[in-house]
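Read the structure below first, then the notes.
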Amino acid sequence: MAERNVTENFITNIIDEDLASEKHHKVVTRFPPEPNGYLHIGHAKSICLNFGVAADYQGICHLRFDDTNPEKESKEYAESIQQDIRWLGFDWLQNKFHASDYFDQLYGYAKQLIEKSLAYVDDQTPEEIRENRGDFNRPGINSPFRDRSVEDNLQLFRAMRAGEFADGSKVLRAKIDMQSGNINMRDPVIYRIKRMHHINTGDQWCIYPMYDFTHCISDAIEGITHSLCTLEFEDHRPLYDWVLDNIDIGCHPQQIEFSRLNVSFTITSKRRLSKLVEEGIVDGWNDPRMSTISGLRRRGYPPAAIREFVKAVGVSKKESVISMTVLEDAIRNNLNKTAPRVMGVLRPLKVVIENYPEDKVEMLTGSNHPQDESFGSRKIPFSREIYVEQDDYQENANRKFFRLTEGREVRLRHAYYITCQRAIKDDAGNVVELRCTYDPESRGGTADGRKVKGTIHWVSVAHAEPIEVRLYDRLFNHPNPASLDNFMDAINPDSLEILPNAVLEPGIAEKDEDVVYQFERNAYFKRDKTHETGKPVFNQVVTMRDSWAKIEQENN
């Protein structure tokens with residue numbers, strides 16, 4: 001049996017019972033995003049759950065755009081959503097729908113409710129409606145227009161449809177119970193007047209249905225068996241059921257709620273993410289520091305790692321915040337297996353090997369993956385002048401510093417032992433060059449069997465590929481920025497560091513840009529051509545080890 005996409009949970013238990021009892025013979029789910037922004041890491045859980053459950057049960061998952069609010073929706077957002085879903089590894093095949101596909105039917109079902117005296121046109125202002133609905137401590141008050149006749153309501157609703165009234169002057173409300181303890185049942189608005197151009201229907205409509213009315217009917221029209229929603233819709237389920245119970249429709253899907261995916265140090269609100277873009281805190285929805293799926297893709301997160309992360313988190317009804325370290329560990333675990341190893345120097349310091357022939361170039365062999373021979377090997381040029389990392393040298397270092405200092409020997413990765421003889425400084429006292437010697441007999445070991453404790457990476461100066469490296473830290477320095485009065489106060493001013501003078505061994509930058517590499521001893525990197533104007537740009541995907549675990553513990 002193929003490995004399941006979704007681990008067993010209370011939802012799969014419900015589906016198992018429904019299939020065993022023959023309540024359903026085929027599972028049909030749906031992912032219903034609103035095209036009013038880019039998807040984020042929280043949506044990844046819903047995507048993996050809805051598409052994953054359908055795949056596990058040989059069923060179908062629909063992609064349905066909840067396009068009932070034209071004011072904030074765009075084709076750009078719709079296209080980005082489709083790209084994100086496909087990138088995560090899922091496909092809706094021929095099953096792409098829009099709530100707007102059903103506008104005629106929704107209008108008809110609204111008239112049905114009017115004819116059954118279960119809906120009425122209300123002339124109150126939005127402020128009056130809000131006030132008269134009451135709150136958790138105060139019951140609602142009936143609208144003075146609640147008892148209009150069926151004939152009057154039908155005539156007014158048709159006039160709303162015909163564009164005879166101003167925006168916001170009238171709404172259609174369901175007639176349920178203004179005394180209900182569930183505020184969602186206190187005569188909710190199901191249609192409003194809004195003259196806005198729609199991305200699918202153009203200017204055909206000047207009235208638009210509300211989400212709670214649209215969603216359940218769309219599910220029923222499409223024959224959805226299990227409507228999987230996040231927990232904030234739990235209080236909306238009675239309205240979901242009420243609408244379907246009171247219209248003439250042959251299908252009644254079951255709404256089931258599960259907890260959202262909340263990750264520490266992130267924002268998962270389209271409105272707040274949009275503010276970051278609009279105020280220029282980031283350079284777009286796909287900025288690698290963003291929690292959007294497109295941002296994670298651009299940064300270099302593998303889709304398989306995100307799927308594994310979501311699967312490991314699991315599905316429950318208990319709200320929780322998952323540590324960012326769990327996500328980053330999932331990325332590391334994936335990349336440790338899949339990322340070829342190369343050598344890149346982020347902050348170069350020149351080394352001259354004085355006893356190495358000036359015109360000699362050797363092609364050394366380096367393994368592409370130390371734990372997986374199937375990755376093969378590559379040739380790396382070695383010459384008299386090389387670059388090493390600046391912090392691989394320390395003046396007057398103590399005995400526990402196993403890298404370069406005067407008189408100390410280290411091993412060059414895939415190459416020779418070298419000994420630092422002296423450092424050359426500029427007028428300001430900064431070390432700008434090291435002079436070293438090498439042991440020509442030390443490649444692959446030494447005859448006398450001596451060992452060194454330090455191994456460092458390097459790049460030949462004559463063959464170095466100049467690159468720009470972008471090091472990313474977390475965009476927020478607070479574990480729960482959404483809990484603050486102003487989440488913008490938690491912006492980390494050091495979330496991006498650009499290293500314009502990094503170098504990479506030759507032949508790597510020109511390869512497939514979708515490959516993530518481990519720059520040995522540094523981090524994982526992926527090329528980002530998005531805004532390249534000259535030299536190649538590489539994004540840091542994730543560090544080699546977790547540097548935030550202690551910070552998270554201190555905040556808990």
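Where a number appears in this text, it was derived from the coordinates with a stated rule and is not lab data. Keep in mind it's a predicted model, so treat the numbers as computed, not measured. Cβ sites come from the backbone with ideal geometry, for glycine too, and all protein chains shown count toward neighbours.
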Per the charge dipole of the chain (beta-carbon charges, Lys/Arg positive, Asp/Glu negative, Cα centre), the residue among LEU106, LEU349, VAL189 reaching farthest to the positive end is LEU349
In terms of the Cα gyration tensor, with a ≥ b ≥ c the square roots of its eigenvalues, is region 114-177 rounded because a/c is under 1.5, prolate because a/b exceeds b/c, or oblate?
-> oblate
How much FRET efficiency would the formula 1/(1 + (r/R0)^6) give for LYS275 and ASP177, where r is the Cβ-Cβ distance and R0 is 35 Å, rounded to 0.05?
-> 0.40
For region 346-457, calculate the relative contact order in percent as a whole number, restricting contacts to Cα pairs under 8 Å that are 6 or more residues apart.
-> 27
Given a cut-off of 39 Å, what percent of all Cα-Cα pairs of the chain lie beyond it?
-> 43
Antiparallel %, DSSP beta bridges [both residues in the chain], to 5 = 70
Note on region 18-120: alpha-carbon gyration tensor, axes a ≥ b ≥ c; rule is a/c under 1.5 for rounded, else prolate if a/b larger than b/c, else oblate; result oblate
Net charge, ARG158 excluded, C-beta distance under 13 Å - Lys, Arg +1, Asp, Glu -1 = -1
Calculate, in nm to one decimal, what GLU308 and ASP485 gain on full extension: separation in residues at 0.36 nm each, minus their alpha carbon distance.
-> 60.4 nm
Rounded FRET efficiency, nearest 0.05, which uses the C-beta distance separating ALA428 from ARG347 and R0 of 25 Å | 0.90
Which is farthest toward the positive dipole end of the chain among THR405, GLY284, GLY366, measuring Cα position about the Cα centre, with Cβ charges +1 (Lys, Arg) and -1 (Asp, Glu)?
-> THR405
Percent relative contact order for the chain, counting Cα pairs under 8 Å at least six residues apart, stands at 12
Using r as the Cβ-Cβ distance of HIS25 and LYS317, and R0 as 25 Å, what FRET efficiency do you calculate, to the nearest 0.05?
-> 0.40
Could you give the dipole magnitude of the chain about its Cα centre, charging the beta-carbon of Lys and Arg +1 and that of Asp and Glu -1, in debye to the nearest 20?
-> 1200
Determine the sum of side-chain charges near ASP16: Lys and Arg each +1, Asp and Glu each -1, restricted to other residues whose C-beta is under 13 angstrom from that of ASP16.
-> -3
Gain upon complete extension [GLU131, ARG413; 0.36 nm per residue less C-alpha separation] = 94.4 nm
CD proxy, 222 nm, the chain: helix-only mean residue ellipticity via -39,500 (n - 2.57) per DSSP H run with n ≥ 4, per residue, nearest 500, stands at -7500 deg cm²/dmol
Which net charge results when you count Lys and Arg as +1 and Asp and Glu as -1 among the other residues whose beta-carbon is under 11 Å from that of THR125?
-> -3
